[in-house]
Structures are given as structure tokens and as C-alpha cells.
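Structure, as C-alpha cells:
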Amino acid sequence: MTLAVGYAYPGTKLEIPADWAPAHPNISALSESRADYPVCGHDSHYPEYRHVVLISTGGGIGSILDASNGAALTALYEAWELADREADDAPAWGPRESSPLAIHHGFYDHATVCADPLRVAPSVLALIIDAAERYAEYPLLDESDYSARELEEFTQCFADESFRVHPSLDESHPLYADALRVATENYLGYSDAGYISRQHVIASWVDAADSGADSPRCAACGDVADYCAGHGEIGDPSGHELLAALYGDEDDQ
């Protein structure tokens, strides 16, 4: 890897002077890492740009992945910062009146953790390097958080698309839970994270009505089909429109 340290222009990468490593074990650790650590150019470090970026996430298009990684990195930073304050191996060189770690947030869930490598505790730096190397190989910091966010977004997308198909297809509908279950089992992760198309929403509602435990059931009212009173265009125009939206006008309403 290449490490940027010292008085440098933000974003540049400088070779490490050979005589630094013996004096500063943190520099050795960063030198041997598989990741790269550019100078952090945040205004708070001016004029001595000596902090290096250890992990940077987000800043893309505001995706679920960016939001998850940003939240996870913030939580990790808080743990690392606490560990550094309590570390027994804090380096003797450099002032310790301020934390050697910093985090910066920006647009689209951007988060960057940086550190002055001459002042951070080696034991804490080792934790951060491990996280940075794993993140470089697999850019997801917290799978459980990401999965929860993806499911939440998917559930909301299903609700929104169901309403667009017909306003009565909301959580009060008798088949809503079954339709959402079918959608989750069949289409969660099928395309973009947290997204389900209207076509697949319709297919989920139809499948919930036709393949449930008490199937077939009426997609309009949720009753067992044999006991449904019907939803004619005159007698129940809303139910008729719902069935037409799900099955098409050619089906018997």
C-alpha cells in the first residue's frame, strides 16, 4: 500500500520515509496493510494535513447500502474513539489533549473516519485496519442492519405500489399480510435493493388470493370464493375496479 502522511496536499499518497517505521509502529502497521490511506483534506485539519483516511463510505446516490454503511461506520467510530481514550498502549509521542480520531459526514450518507497515525493507540489502529481491509474486499459493514433497512424499504415500496394498483389494497385488506409474505418470499432482492415492481405486486396479490390456506379467496373482499357475494360493476364498483386491476377486464367480476 501507499501511505500519505505529513504535510501533504489532501488526497495525495506519499511514500513513507524509511526511518519512520522503526520509530512509529503505527506507520509500520499502515505500511503493511492491504488498503490505501490518502491524506484527509477536511478543513478541520488545516494547515497540517497529517490525518489519513482509514475508511470512507457513502457519497454515491443515497442508496440503502450507503445509508447502512454510514450508520455502521458512525457506530464503529464511536466504539473506536472510546477504546482509544481507554487504551493502555497510547503512544508517548504527540499531544493527547484531543482525540487522534475524527469522523466527517457529508451528502448522501457519506462518512469518513480518519486519524493522526502518530497519536492513535496501536491496538485501536489494528481494529480499524482490520475493518478497512475487510471493507475493501466486501463493502458492507453491517449485514444485519443492511438487511433490516432493505426489508423496511421493500415493505414500504410494496405498500405504495399496492395503493397505486387500487386504494383499497392497504393494510386493512384481509389479504394484505399474505400478499406481503408472498412478495417478500418471491421478490425481496429480486432487483434493486428495497424495490418491487407493480407487476410483481399484482402477482403477489393474485397468488395470495389463489394459493392461500383457504384458497381460492376473493381478492376484493378476502372471503372464500364460494361464499363471496360478488363484486359487480353496478353493485360494487370499487370491488369491480380492484378485480379488474388485478386480473384484467376480461375476467368474470
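Pro117 falls short on exactly one of the conditions (1) modelled with pLDDT of 95 or more; (2) in contact with a strand residue (DSSP E or B) (Cβ under 8 Å, 6 or more places away or on another chain); (3) of a type outside the set (S, T, N, Q), and that condition is (1). Of all residues in the range 183-203, those satisfying the criterion of being outside any loop (DSSP other than H, G, I, E, B) and within 15 Å of Leu246 (Cα to Cα) are Ala183, Arg198, Gln199, His200, Val201, Ile202, Ala203.
Which one is surrounded by the most Cβ atoms within 10 Å (Cβ to Cβ) among residues in the range 47-80 that are acidic (Asp, Glu) and more than 12 Å from the chain's Cα centre (by Cα)?
Result: Glu78.
For the range 214-247, the candidate set comprises residues that are loosely packed, with under 13 Cβ neighbours inside 10 Å and in a helix (DSSP H, G or I); within that set, the residue that is modelled with the lowest pLDDT is Asp226. Take the conditions touching a helix residue (DSSP H, G or I) at 6+ places or on another chain (Cβ under 8 Å) and either free of Cβ contacts under 8 Å to residues at least 40 places away in the same chain or surrounded by 16 or more Cβ atoms within 10 Å (Cβ to Cβ) (or both) and apply them to Phe163. Does it pass? Here the answer is no, as Phe163 does not meet what is asked. Screening Ala136 with (1) part of a helix (DSSP H, G or I); (2) exposed (fewer than 15 other Cβ atoms within 10 Å of the Cβ); (3) at pLDDT 95 or above gives one miss only, at (3). Within the range 46-69, is there a residue that is assigned to a loop (DSSP other than H, G, I, E, B), over 17 Å from Pro100 (Cβ atoms) and among the charged types (D, E, K, R)? No: zero hits.
The values are calculated or read from the model by the stated rules, or taken from the named source; none is laboratory data. Fair warning: this is a prediction, and the values are worked out from it, not measured in the lab. So basically every Cβ, Gly included, is an ideal-geometry build from the backbone, and we count neighbours across all protein chains shown.
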